[in-house]
Amino acid sequence: MKIKVAIVDDNTFLVSAVKEKLSFFEDLNYKFSAMNGSDLLTKLEDNHNLDLILMDIEMPVLNGIETTEIVKQKYPHIKIIMLTVFDNDENIFKAIKAGADGYLLKDIDAKSLHDGIVETLNGGAAMNPSIALKTLKLLRNPIDIENPKDKEDIQLTNRETDVLEQLSKGLNYKQIADNLILSPSTVRKHIENIYKKLQVHNKLEAVQKAKRNNLI
């Protein structure tokens, strides 16, 4: 039985390079490629008789991590290996969280790619040694998974934190103003500053980001 493989990448040169690596092995059967996640989902509707997808991360329209999450929900039988130039901690963590079965770098040689595909289909997790080490580090120190940059950049005043806590309880401007003995216009000004500092556009985003960064 041949292993049916698809490639998802917006770089046609890289798609050709990966196809060439797959062509060295008789047990691998390249089925099709897609330019992005949306393109892949359309093609899977017509034919999801696949064993494995080699998925890029940075793509327009729908990136690899978002696509992995959707594919895993709709077609859980398909294994996914992220094939990417990025080995930063955040991407690795997000990919694993989305359900990726493996994570390899694009400069991998043909034999290692083949071995990684076979290993993944046999229930293993294909990973470059450098990525395996980072994954272990993430598992041992889950606190590192949070983006430290976010935490350093966000400095809310005590009053802004008070307003944000009230906001998280679903209260409107007038109720917050009454509770904190402020004018509604002052509350509005505080909320504008909070949105600016958190780089968000609405209440839901503000509350989610604040919770993620342990601000409330």
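The values are calculated or read from the model by the stated rules, or taken from the named source; none is laboratory data. This is a predicted model, so every value here is computed, not measured. A quick note on method: Cβ atoms are made from the backbone with ideal geometry, for glycine too, and the neighbour counts reach across all protein chains shown. Each accessible area value is taken on the protein alone, full model and side chains, heavy atoms only, with ligands, DNA and RNA left out. Shrake-Rupley method; radii C 1.70, N 1.55, O 1.52, S 1.80 Å.
Checked against a 31 Å cut-off, the cross-linked pairs Lys4/Lys209; Lys79/Lys197; Lys2/Lys43; Lys134/Lys203; Lys97/Lys196; Lys43/Lys94 give Cα-Cα distances beyond that limit for Lys4/Lys209; Lys79/Lys197; Lys134/Lys203. When you restrict to C-alpha pairs under 8 Å that are six or more residues apart and normalise by the size of region 149-216, the relative contact order lands at 37 percent.
Taking 0.36 nm per residue of sequence separation and removing the Cα-Cα distance, the Glu58/Lys169 pair yields an extension gain of 36.4 nm. Here r is the Cβ-Cβ distance between Asp46 and Ser16 and R0 is 22 Å; the resulting FRET efficiency, rounded to 0.05, is 0.45.
The stretch between Glu205 and Asp107, if pulled fully straight at 0.36 nm per residue, gains 31.6 nm over its current Cα-Cα span. Computed over neighbours whose Cβ is under 12 Å from that of Asn122, the net charge equals -3, Lys and Arg +1, Asp and Glu -1.
Across the protein chains, with a 1.4 Å probe defining accessible surface, the residues Phe25, Phe13 rank Phe13, Phe25 from largest area downward. The stretch between Ile181 and Leu133 holds 12.1 nm of extra length on full extension. This uses 0.36 nm per residue minus the Cα-Cα distance. Per the Debye formula with a single identical scatterer at each Cα and no solvent contribution, what log10 I(q)/I(0) holds for region 1-60 at q = 0.15, 0.28, 0.29, 0.30 Å⁻¹? Scattering profile of region 1-60, log10 relative to I(0): -0.41, -1.23, -1.27, -1.31. If R0 equals 35 Å, the separation of the Cβ atoms of Tyr195 and Ser38 corresponds to a calculated FRET efficiency of about 0.70.
A simple count of charges around Gly99, restricted to other residues whose Cβ falls under 14 Å of its Cβ and scoring Lys, Arg +1 and Asp, Glu -1, yields +2.
Using helices alone, what [θ] at 222 nm do you get for the chain, with -39,500 (n - 2.57) per DSSP H run of 4 or more residues, divided over all residues and rounded to the nearest 500? That comes out to -16000 deg cm²/dmol. Net charge dipole, the chain: roughly 760 debye, given to the nearest 20, about the Cα centre with Cβ charges of +1 for Lys and Arg and -1 for Asp and Glu. Note on Asp115 and Arg212: with the Förster distance fixed at 25 Å, the Cβ-Cβ geometry gives a FRET efficiency of about 0.10. When both region 8-43 and region 100-122 are represented by their alpha-carbon centers, they are found 14 Å apart. Around the amide H of Ile3, modelled in the peptide plane, lie the amide H atoms of Leu28, Asn29, all under 5 Å away and 5 or more residues distant in sequence or on another chain.
Angle of helix 129-140 to the longest C-alpha principal axis of the chain, folded into 0 to 90 degrees and rounded to 10: 40°. Against the chain, whose longest principal axis is taken from its Cα atoms, helix 203-212 shows a tilt of about 70°.
Couplings 3J(HN,Hα) for region 8-16, derived from phi with the Karplus relation 6.51 cos²θ - 1.76 cosθ + 1.60 (θ = phi - 60°), are 10, 6, 8, 9, 5, 5, 5, 4, 4 Hz, where x marks Gly and Pro. So what's the angle, to the nearest 10 degrees on a 0 to 90 scale, between helix 89-98 and the longest Cα principal axis of the chain? With both axes taken from Cα atoms, the answer is about 80 degrees.
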